[in-house]
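Here the structure is laid out as structure tokens; the discussion comes afterwards.
Just so it is clear, none of the values below were taken in a lab; they were calculated from the coordinates. Quick caveat, the model's predicted, so the values are computed rather than measured. Positions of Cβ are generated from backbone atoms using ideal geometry, with glycine treated the same way; all protein chains shown enter the neighbour counts.
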Amino acid sequence: MTYSDRIDKLDTIRAYARSFCVEGFKYRTDYKEKSPENYNNARRRMENWLGEAFAAVFDEQGKRFHIQLDSRDYSPNPLNAVFRAKTFTNKNIFLCFTLLDLLADKAWHKTSELIANAQKCWKHYADEWSLTPDTIRYQLKDLEDLGILCAHKAGRDKYYSISEDEIDRAAWHDALSFYSEAGILSIIGAFLSDKFEVVPEAFTFKHHYIHHILDSEVLLAALEAIAENRRIQAKFLRKEGNEEKRLSWELSPIEIRISASTGRRWLISLVRDPVTTWRYEAIRLDDILTVTVKKDKVDPDTVTKYRNHLNAHLWGVTCRDLNCLVKVEMTIRDTDKNSYILARLERERRCGQVTRVDEFTRHFEAEVCDAEEMAPWLMSFTGYIESLTCSNKAFEKRFWDEVRGLVQLYDEACDSSRG
């Protein structure tokens, strides 16, 4: 097959980008599922799409590829390029520009008029290929779906015109530039920012989770389903032991959760179960291959009921069994009543409840699915904890063992410094 930079399906592009950039620093021998020809083609595509950001390191075992960025400089996310790699035909590109040129006067034009004029232009440039009316209608519908054209019907005739755009993009330059890097659907900001010739230098990012842009299409479909209370058919990867299985489930999405520490994103959904009727499921967005929004809807009252129940007991993303909850109680005390520690507890309590005991003491309690998710947060209050109990006694024992270990470590350090 002749080599081409263009790919027909976005999930194929995502797979290439994930293999080389997200799971980078692999040797050629690590790509066992690819033939030498497929591997070389994939590597060449990534080099052409990403340019200088696609770098290699050499050692005694061979060459490995990765993304190379300088966090001191503001530069657009290089993975934006993969969304510009979709294949197109000569007819697609011809019709896109020809139809926009025919509609440049911003007047309403009948479909039959546009078809006749487009066919005239096509014959002038390419007599050897035919251009059918249906092909032109499909292109008009695509441009309408993208919002580039607007349409209305008058009797049996359909009319098209270019959509009005009264937004002053220049006034939104900095906002678009920031959103194109930090927004959850940042690819939208990236495409709009392409209209500007000057790149703003106002932004730098300490923690820049660039690879999440690859999940934009999946995220958009999930958000549409949540907004419209629709079910989805999701195909995704799941590891079971040493095996990676491809699964296809019908889900009723509830919400998207984003980790503030890692930037990782999760789709929280309801799954129909013959035994328990409904159960919760959390799937990482970067494990989802495709999402298809279905026509059938979920009862909005049912979704609201389960979402409220979920948010009352979900600390992180472990939510499969909310019928077996674990109760965690903690009392902290700080002699400074204006301490940021007490303010932190109020601010970061999530689904927990905080009770004021006195001006220096607060009592926190929460019923969660998995206390292990709370462990790093609870440990951050070490030194201020007066008491901590958990209905999961094994977790409670591990927590206090860790605290005693830290105390012993610091005591040893202090003794050695005095000696």
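Annotations
- Annotation: the residues 180, 112, 163, 19, sorted from fewest to most other C-beta atoms within 10 Å of their own C-beta, follow the order 112, 163, 19, 180.
- Against the chain, whose longest principal axis comes from its Cα atoms, helix 300-313 is set at around 40 degrees.
- The candidate values are (1) 89, 49, 42; (2) 90, 61, 49; (3) 62, 51, 42; the one derived from this structure for Cα extents along the principal axes in Å carries the label (2).
- Of the GluC sites (Glu not before Pro) in region 169-237, the ones in a loop by DSSP (not H, G, I, E or B) with at most 10 other beta carbons within 10 Å are 197, 201.
- What you get for the chain, charging only the Cβ of Lys and Arg (+1) and of Asp and Glu (-1), is a dipole of about 1140 debye around the Cα centre.
- Each residue of region 211-217 was assigned a 3J(HN,Hα) from its phi angle through the Karplus expression (A = 6.51, B = -1.76, C = 1.60, θ = phi - 60°), giving 6, 5, 5, 5, 9, 4, 5 Hz with x at Gly and Pro.
- Relative contact order (%) - criterion: Cα under 8 Å, at least six apart; region: region 169-208: 37
- Contact order relative to length of the chain, as percent, for alpha carbon pairs under 8 angstrom and 6 or more apart: 10
- Reachable aspartates and glutamates, given that their alpha-carbon falls under 16 Å from the alpha-carbon of residue 393 and they are not under 8 places away in the same chain: 329, 365, 367, 370, 372, 373, 401, 402
- Each residue, residue 359 and residue 398, gets one label point 7 Å from its Cα in the Cβ direction; the gap between the two is 4.0 nm.
- Going from the residue with the fewest nearby Cβ atoms within 10 Å to the one with the most, 111, 89, 98, 292 rank 89, 292, 111, 98.
- Compared with the dominant principal axis of the Cα atoms in the chain, helix 90-102 is inclined by about 80°.
- Out of every Cα-Cα pair that region 104-204 contains, those further apart than 20 angstrom amount to 56 percent.
- Taking Cα centre as origin and charging only the Cβ of basic (Lys, Arg, +1) and acidic (Asp, Glu, -1) residues, the dipole magnitude of region 212-313 rounds to 100 debye.
- Residues residue 58 and residue 191, FRET efficiency given R0 of 25 Å [Cβ-Cβ distance, rounded to 0.05]: 0.10
- Top positive-direction residue, dipole computed over the chain with Cβ charges, set 361, 79, 138: 138
- Only lysine pairs 8 or more places apart or on separate chains count here, and in region 60-213 those with Cα atoms under 24 Å apart total 23.
- Put in line by how crowded their Cβ is, counting other Cβ atoms within 10 Å and starting with the fewest, 298, 403, 57 read 57, 403, 298.
- Percent of C-alpha pairs per 10 Å bin, region 169-208, short to long: 32, 59, 9
- Shown here for region 306-382: GluC sites (Glu not before Pro) in loop regions (DSSP other than H, G, I, E, B) with at most 14 other Cβ atoms within 10 Å, namely 348, 359.
- Looking at region 41-83, the GluC sites (Glu not before Pro) that sit in a DSSP loop and have at most 10 other Cβ atoms within 10 Å of their own Cβ are 60.
- Seen from all directions on average, region 212-313 presents a Cα convex hull projection of 7.4 nm².
- In degrees, nearest ten, helix 393-418 long axis to first principal axis of the chain (Cα): 70
- The chain, helix-only ellipticity at 222 nm - DSSP H runs n ≥ 4, -39,500 (n - 2.57), divided by all residues, nearest 500: -11000 deg cm²/dmol
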